[in-house]
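The values are calculated or read from the model by the stated rules, or taken from the named source; none is laboratory data. These figures come from a predicted structure and were not determined experimentally. Cβ atoms come from the backbone with ideal geometry, glycine included; neighbour counts cover every protein chain shown. For accessibility, only protein heavy atoms count, side chains too; no ligands or nucleic acids. Shrake-Rupley method; radii C 1.70, N 1.55, O 1.52, S 1.80 Å.
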Amino acid sequence: MTTVELPSDPAEAPPQVDNLDALESEAIHIFREVAGEFDRPVILFSGGKDSTVLVHLALKAFWPAPVPFPLLHVDTGHNFPEVLAFRDELAERHDLRLVVASVQDYIDDGRLQERPDGTRNPLQTTPLLDGISDNRFDAVFGGGRRDEERARAKERIFSLRNAFGQWDPRRQRPELWNLYNGKHRPGEHVRVFPLSNWTELDIWRYIQREKIELPEIYYAHRREVYLRDGMWLTSGPWGGPREGEVPASKMVRYRTVGDGSCTGAVESEAYTVDDVIAEVAASRLTERGATRADDRLSEAAMEDRKREGYF
């Protein structure tokens with residue numbers, strides 16, 4: 001039997017790898033793998049915290065050269081103005097090309113119809129797939145994390161999508177020893193998730209360490225909101241409040257951002273990154289479980305949308 005002798009002197013022990021350093025290194029490795037393996041990658045960018053961290057990692061992965069791919073945003077027309085302003089400012093600051101696929105354009109010309117409930121999140125799929133097809137993107141980076149939702153926990157880092165943009169969990173490929181298989185047929189593409197192994201708390205600790213700027217609605221501010229199905233929503237171009245929903249002025253912040261008709265705020269006194277980290281560490285609900293009404297439509301709501309081509 002072979003025995004392994006441990007070093008008696010603590011100074012001889014191997015250095016401990018910081019968790020954030022390990023996650024950052026993995027993500028940068030993924031960005032570089034995609035850049036070397038694919039012809040036309042793109043980063044999905046909404047102006048939210050996860051996609052902002054993605055852009056930050058891409059900048060580090062290729063520095064001092066520019067990021068070699070553009071940004072793609074599927075704009076529902078129901079986005080928060082603060083987030084859109086941040087999106088445009090970040091793209092301009094880093095000289096990144098921003099491609100916008102507009103749900104409103106599809107509604108205006110009849111290719112899509114408004115839903116009775118007013119939410120546009122499920123309407124993003126067609127503009128997303130058309131944006132990928134029209135620009136011939138073959139690898140699409142997304143900020144999905146496995147801790148967010150059960151369907152996303154099933155996803156590989158390299159997720160093959162067929163010629164219709166659909167996800168088939170039976171076609172998942174093994175990813176052993178950080179080896180990623182990007183092989184795909186003409187017309188197919190691969191969704192890539194460098195943040196798969198991150199948690200919400202990791203994201204915020206990384207934002208703190210790297211001093212990453214975010215839209216102001218991620219921090220506590222006073223806003224007029226109304227209660228619907230246990231979530232604090234705000235009025236906007238998407239409508240509301242309905243009859244019987246009484247607006248109230250509260251200190252809130254957003255844990256995630258997206259379509260304003262289905263993205264709720266949480267009551268909060270977290271004005272700084274440190275405050276947010278303490279709040280997230282104490283939470284027992286993911287940000288999607290706590291603040292996204294579209295995920296409450298059914299237990300398989302996210303997986304159903306992913307099978308159709310959504311992220």
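Pick out the one residue from Gly230, Gly143 that is modelled with pLDDT of 90 or more and not aromatic (Phe, Trp, Tyr).
Values: Gly230 fails: modelled with pLDDT of 90 or more.
Exactly one residue qualifies, and that residue is Gly143.
If a residue has to be part of a loop (DSSP other than H, G, I, E, B) and closer than 21 Å to Gly143 by Cα to count, how many in the range 174-192 make the cut?
Within the range 174-192, residues that are part of a loop (DSSP other than H, G, I, E, B) and closer than 21 Å to Gly143 by Cα number 8.
Filter the range 87-144 down to residues that are farther than 30 Å from Gly239 by Cα and in contact with a helix residue (DSSP H, G or I) (Cβ under 8 Å, 6 or more places away or on another chain) and give me whichever is most open to solvent (accessible area, probe 1.4 Å).
Result: Arg97.
Restricting attention to the range 73-98, and to residues there that are of a type in the set (A, V, I, L, M, F, W, C) and farther than 23 Å from Trp204 by Cα, which single residue is nearest to the chain's Cα centre (by Cα)?
Val74
How do the pairs read when you match residues in the range 67-93 that are within 27 Å of Arg115 (Cα to Cα) and among the polar types (S, T, N, Q) with residues anywhere that are outside any helix (DSSP H, G or I) and open to solvent by less than 20 Å² (accessible area, probe 1.4 Å), using Cβ under 7 Å and keeping only pairs 6 or more apart or on different chains?
Short answer, once both residue conditions are applied: Thr76/Arg120; Thr76/Asp259; Asn79/Gly260.
Of all the residues that make up the range 133-164, how many are within 18 Å of the chain's Cα centre (by Cα), small (Gly, Ala, Ser) and under 23 Å from Arg40 (Cβ atoms)?
Summing the residues that are within 18 Å of the chain's Cα centre (by Cα), small (Gly, Ala, Ser) and under 23 Å from Arg40 (Cβ atoms) in the range 133-164 gives 5.
Please enumerate the residues belonging to the range 167-192 that are out of contact with any Leu (no Cβ under 9 Å at 6 or more places or on another chain) and open to solvent by less than 10 Å² (accessible area, probe 1.4 Å). Explain how you work it out, then say what you get.
Narrowing the range 167-192 to residues out of contact with any Leu (no Cβ under 9 Å at 6 or more places or on another chain): 169-170, 174-180, 185-187, 192.
Hit for the range 167-192 is Val192, nothing else.
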